[in-house]
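Have a look at this one.
Values quoted throughout were computed directly from the atomic coordinates according to the rules given, and no laboratory measurement underlies them. Because the structure is a prediction, the values reported are computed rather than measured. Don't worry about glycine lacking a Cβ; one is built from the backbone with ideal geometry, like all the others, and counts go over all protein chains shown.
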Amino acid sequence: MAPAELDVEIFWSPAPGELRERRLSLPAGSTLRDALVASTWFDPGQLATLKAGIWGRMQALDTPLRERDRVEVYRPLTVDPKEARRQRYQAAGRRVVTRHRPLGRKA
């Protein structure tokens, strides 16, 4: 028997370094759009321009939710990731080493 309510969490970072999160109880059969409206963070007119997803994957607003889903609202990138790496390199004056690409000879 399906539950009458869904418990989901919604996360949104409106600005760098700021994170908002809220737990919602929604009726069974609710969609991603319903969760965004229930959060009260967005006007219904804004929803068409939002990028949102579930568990890190972009989804359409009419996607049905499941129990304990993590709804995420994404903001647009302000800097291209490649450009951000160049800026970090210039600021540090040396190559920034990541765990994915260690220094050394290329294979």
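With the dipole of the range 1-79 worked out from charges on the C-beta (+1 for Lys and Arg, -1 for Asp and Glu) around the Cα centre, which of P76, A4, V37 lies farthest toward the positive end?
Going by the charge dipole, the pick is P76.
What is the order of V8, V73, V37, fewest Cβ neighbours within 10 Å to most?
By the 10 Å Cβ count, ascending, the order reads V37, V73, V8.
Given points 7 Å out from each Cα along the Cα-Cβ axis, report the A91 to F11 separation in nanometres with one decimal.
2.3
What's the magnitude of the charge dipole for the range 1-89 around its Cα centre, counting Lys and Arg as +1 and Asp and Glu as -1 at the beta-carbon? Answer in Debye, nearest 20.
Here the size comes out at about 520 debye.
Determine the relative contact order of the chain: mean sequence separation of Cα pairs under 8 Å and six or more apart, normalised by residue count, in whole percent.
26
Restrict the search to the range 55-91; then list the GluC sites (Glu not before Pro) that DSSP places in a loop and that have at most 13 other Cβ atoms within 10 Å of their Cβ.
For GluC sites (Glu not before Pro) across the range 55-91 that sit outside H, G, I, E and B with at most 13 neighbouring Cβ atoms in 10 Å, the list reads E67.
A further question follows. For mean projected area of the Cα convex hull in nm², the listed values are (i) 10.2; (ii) 6.1; (iii) 9.7; which was obtained by calculation from the structure presented?
Matching entry in (i) 10.2; (ii) 6.1; (iii) 9.7: (i).
Work out the FRET efficiency for E83 and R57 from their Cβ-Cβ distance, taking R0 = 35 Å, and round it to the nearest 0.05.
0.90
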